[in-house]
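Chemist: Can you read through this structure? Questions will come right after.
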Amino acid sequence: MYILAIDTSADETAAAITSGRKILSYISYTQILQHREWGGIVPSIAKRAHEERIDFVVAEVCRKAARYIKPQGGELLKKIDYIAVTHGPGLAIALEVGIKKAKELAIKYEKKLISVNHMEGHIYSCFVQNSRGKPAGEFQFPYLALLLSGGHSEIVLFEDHLRYKKLGETRDDAAGEAIDKAARLLGFGYPGGPAIEKLAKEAGDKDDYKFPRPMIGTNTLEFSFSGLKTAFYYFFKSLPDEEKTKKVRELASSFQQAVLAVVLAKMVLAVEQTGVKNIVVGGGVSANHRLRSQLRALAKKVNGRIFFPPYPFLTGDNAAMIGVAAYYKAQANVFADLNLLDRIPRLSFA
Ligand code: KG4
Ligand code: ZN
């Protein structure tokens, strides 16, 4: 079963052609440079960049997939079975671009549409395979899914294909958002995650400043990162300029330690509360090596298994994960109505 998948939920114009769990081709055309000077994603700039690039991105994934699928009369899309698209959560005017393109192609090539929740995609990113089917391995439900991105932080029970139960989420800022704000204060551009991680590593992952760890001791699986963000802001502003520069690594490191300590504590609690020991981790922050090693240690301790997106591009926004989630929807006969399909910017798991 071949699927063309499209995701334009944030700042990547992404398309992919997948076959089951396998990626045949993908492109994630990033807009980071357009948004960088603003310190975050600007919706109107995102919309325009998606509009300018979407045709190119779809044409390119078709061209690249021709290694695996023989085009019919020069048109590879004739051989595709379904068209999948992210319908939320994300920026309304950005989501619209992908949905419009998906509908246009669905009409032109007479294909059924599949709508996918972007966060569901981040869960499936851990199960995406390359064109040769690597990494192999079957699903062993249930899983605890930890999703940490620029817009979301949540823990979800992934009970079976297409069955999710939200166990907890952030009350305010997402982890990635807080990290981006801290990085900006320290003088680093968007996205800030990679810069913070690098600085922290250079400081030996020390925790000199012991910033607050909001909600770490509570008995719920909810997060809160805005208090930490504010505490960091005022502390940083109170430092003499010289120390701001001299201690930039230590500051980044302590900030990262605070975020990761909360995430780890909540995952320990989630395992305790549910008894579920297999973990999947998705979203941009899942690229963080320190987070990965701490979660690996947790999984080992409880005798569980842990999965991260197997290829680096799968940690960020991409359409391969949307294509793979859509494959399971197609198998379950879950299709979207061409006339009713619309963006749901605040789409969430129940
Ligand atoms: O999932 P994603 O690519 O986009 C959204 O859907 O939001 O997540 C982006 C977020 C940004 O906040 C970025 O700073 C963070 O992921 N991020 C990281 C790292 N790489 C990206 N955070 C921590 N460590 C990293 N290495
Ligand atoms: Zn995302």
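Chemist: Of all residues being farther than 26 Å from residue 296 by Cα and within 14 Å of ligand 2 (Cβ to nearest atom) in the stretch 99-148, which is nearest to the chain's Cα centre (by Cα)? Just the residue, please.
Modeler: It comes out as 117.
Chemist: Next up: Exactly one condition in (1) of a type in the set (A, V, I, L, M); (2) open to solvent by 40 Å² or more (accessible area, probe 1.4 Å); (3) within 23 Å of residue 14 (Cβ to Cβ); (4) in contact with a helix residue (DSSP H, G or I) (Cβ under 8 Å, 6 or more places away or on another chain) is not met by residue 334; state its number.
Modeler: Of everything listed in (1) of a type in the set (A, V, I, L, M); (2) open to solvent by 40 Å² or more (accessible area, probe 1.4 Å); (3) within 23 Å of residue 14 (Cβ to Cβ); (4) in contact with a helix residue (DSSP H, G or I) (Cβ under 8 Å, 6 or more places away or on another chain), residue 334 misses just condition (4).
Chemist: Restrict the check to the stretch 153-172 and report whether at least one residue is within 14 Å of ligand 1 (Cβ to nearest atom), within 23 Å of residue 34 (Cβ to Cβ) and of a type outside the set (D, E, K, R).
Modeler: No - not one qualifying residue is present in the stretch 153-172.
Chemist: Then there's this: What's the number of the only condition in (1) away from ligand 1 (no atom under 16 Å from the Cβ); (2) touching a strand residue (DSSP E or B) at 6+ places or on another chain (Cβ under 9 Å); (3) without any contact (Cβ under 8 Å) to a residue 12 or more places away in the chain that residue 245 fails to meet?
Modeler: So the condition that residue 245 fails would be (2).
Chemist: Answer with yes or no whether residue 42 is touching a residue at least 40 places away in the same chain (Cβ under 8 Å) and among the β-branched types (Val, Ile, Thr).
Modeler: No.
Chemist: Go through the stretch 239-250 and report how many residues are of a type in the set (A, V, I, L, M, F, W, C) and not in a helix (DSSP H, G or I).
Modeler: Within the stretch 239-250, the first condition is being of a type in the set (A, V, I, L, M, F, W, C), and the residues that meet it are 239, 248.
Still in the running and not in a helix (DSSP H, G or I): 239.
Selection size over the stretch 239-250: 1.
Chemist: For the stretch 203-212, indicate whether the set of residues that are open to solvent by 50 Å² or more (accessible area, probe 1.4 Å), assigned by TED's automatic domain parsing to the domain that holds residue 249, more than 27 Å from residue 275 (Cα to Cα) and not in a loop (DSSP other than H, G, I, E, B) is non-empty.
Modeler: no
Residue-wise test of (1) part of a helix (DSSP H, G or I); (2) surrounded by 15 or more Cβ atoms within 10 Å (Cβ to Cβ).
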| position | (1), (2) |
| --- | --- |
| 237 | yes, no |
| 252 | yes, yes |
| 258 | yes, yes |
| 276 | no, yes |
| 280 | no, yes |
| 286 | yes, yes |
| 299 | yes, yes |
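Chemist: Sticking with this structure for a sec: Residue under question is residue 154, and the condition is that it be open to solvent by less than 10 Å² (accessible area, probe 1.4 Å) and within 16 Å of ligand 2 (Cβ to nearest atom); does it hold?
Modeler: So residue 154 fits the description; yes.
Chemist: Are any residues in the stretch 167-177 more than 16 Å from ligand 2 (Cβ to nearest atom) and open to solvent by less than 50 Å² (accessible area, probe 1.4 Å), and if so, which ones?
Modeler: Within the stretch 167-177, just 168 meets the criteria.
Chemist: Which of the residues spanning the stretch 179-199 are over 22 Å from residue 241 (Cβ atoms), crowded, with 20+ Cβ neighbours inside 10 Å and away from ligand 2 (no atom under 16 Å from the Cβ)?
Modeler: Passing the criteria: only 197.
Chemist: Next question, about the same structure. Going by the structure shown, is residue 113 of a type in the set (A, V, I, L, M), away from ligand 1 (no atom under 16 Å from the Cβ), closer than 21 Å to residue 328 by Cα and open to solvent by 10 Å² or more (accessible area, probe 1.4 Å)?
Modeler: Numbers: of a type in the set (A, V, I, L, M): yes; away from ligand 1 (no atom under 16 Å from the Cβ): yes; closer than 21 Å to residue 328 by Cα: yes; open to solvent by 10 Å² or more (accessible area, probe 1.4 Å): no.
Considered against the rule, which asks whether it is of a type in the set (A, V, I, L, M), away from ligand 1 (no atom under 16 Å from the Cβ), closer than 21 Å to residue 328 by Cα and open to solvent by 10 Å² or more (accessible area, probe 1.4 Å), residue 113 comes out as no.
Chemist: So, one more: What is the residue count in the stretch 17-74 for residues that are assigned to a strand (DSSP E or B) and either among the hydrophobic types (A, V, I, L, M, F, W, C) or in contact with a strand residue (DSSP E or B) (Cβ under 6 Å, 6 or more places away or on another chain) (or both)?
Modeler: Of all residues in the stretch 17-74, those assigned to a strand (DSSP E or B) come to 17-19, 22-30, 72.
Applying the additional criterion that residues be either among the hydrophobic types (A, V, I, L, M, F, W, C) or in contact with a strand residue (DSSP E or B) (Cβ under 6 Å, 6 or more places away or on another chain) (or both) yields 17-19, 22-30.
Residues flagged as assigned to a strand (DSSP E or B) and either among the hydrophobic types (A, V, I, L, M, F, W, C) or in contact with a strand residue (DSSP E or B) (Cβ under 6 Å, 6 or more places away or on another chain) (or both) within the stretch 17-74 amount to 12.
Chemist: Can residue 147 be described as open to solvent by less than 10 Å² (accessible area, probe 1.4 Å) and touching a Gly at 6+ places or on another chain (Cβ under 8 Å)?
Modeler: Against the criterion (open to solvent by less than 10 Å² (accessible area, probe 1.4 Å) and touching a Gly at 6+ places or on another chain (Cβ under 8 Å)), residue 147 qualifies.
Chemist: If you check residue 260 against the conditions, is it among the hydrophobic types (A, V, I, L, M, F, W, C) and under 30 Å from residue 133 (Cβ atoms)?
Modeler: Here the answer is no, as residue 260 does not meet what is asked.
Chemist: Considering only the stretch 87-184, give the strands (runs of 3 or more DSSP E) lying wholly within it that have at least 3 residues that are outside the structural domain of residue 41 (by TED's automatic domain parsing) and either free of Cβ contacts under 8 Å to residues at least 24 places away in the same chain or of a type in the set (Lys, Arg) (or both). Working first, answer last.
Modeler: Numbers: elements: 112-117, 143-148, 153-160, 163-169.
In the stretch 87-184, 163-169 are the strands (runs of 3 or more DSSP E) which contain 3 or more residues that are outside the structural domain of residue 41 (by TED's automatic domain parsing) and either free of Cβ contacts under 8 Å to residues at least 24 places away in the same chain or of a type in the set (Lys, Arg) (or both).
Chemist: Looking only at the stretch 185-200, count how many residues are over 19 Å from residue 281 (Cβ atoms), touching a residue at least 60 places away in the same chain (Cβ under 8 Å) and near ligand 1 (Cβ under 10 Å from one of its atoms).
Modeler: 1
The values are calculated or read from the model by the stated rules, or taken from the named source; none is laboratory data. Quick caveat: nothing in here was measured; it's all calculated off a predicted structure. Because the Cβ atoms are built from the backbone with ideal geometry, glycine has one as well, and the counts that use them run over all protein chains shown. What goes into the accessible areas is simple: the full protein's heavy atoms, side chains included, and nothing from ligands, DNA or RNA. Shrake-Rupley method; radii C 1.70, N 1.55, O 1.52, S 1.80 Å.
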